[in-house]
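To keep things clear, I will list the structure first and then write my remarks on it.
The values are calculated or read from the model by the stated rules, or taken from the named source; none is laboratory data. Small disclaimer: the values here were computed from a predicted structure and weren't measured. Positions of Cβ are generated from backbone atoms using ideal geometry, with glycine treated the same way; all protein chains shown enter the neighbour counts.
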Amino acid sequence: MSANSQPQRQFLAVAPVFFISAIEPAAAYYRDVLGFAVDRIRGEPPCFCMPRRNGLTIMLSQAEDKARVQPNGGSDDES
């Protein structure tokens, strides 16, 4: 290691956020099909939850503009 270099820092966690069109069916899918624990859905009306499984927590957030939710990485620029 040179005198000017810093030690390599390790990532210990990530915080993925998935924007979805409807929170309640998505939370049910993560719970019932994928085996995640869903303690509660937040917001009035419901719009956010944090399913967890095996030490992993993800965030599901209901998009305000449902037309902008594009599954599987789609974008407006694709043909």
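Remarks
- Criterion (outside any loop (DSSP other than H, G, I, E, B) and at pLDDT 95 or above) met by exactly one of ALA28, ALA67: ALA28
- Tallying residues that are among the small types (Gly, Ala, Ser) and either within 15 Å of the chain's Cα centre (by Cα) or in a strand (DSSP E or B) (or both) within segment 36-59 yields 2.
- Counting only residues that are under 14 Å from the mean Cα position of the chain (by Cα) and assigned to a loop (DSSP other than H, G, I, E, B), segment 1-25 holds 6 of them.
- Subset of segment 29-55 (residues that are surrounded by 13 or more Cβ atoms within 10 Å (Cβ to Cβ) and either under 21 Å from VAL69 (Cβ atoms) or of a type in the set (Ser, Thr, Tyr) (or both)): TYR29, TYR30, ARG31, PHE36, VAL38, ILE41, PRO46, CYS47, PHE48, CYS49, MET50, PRO51
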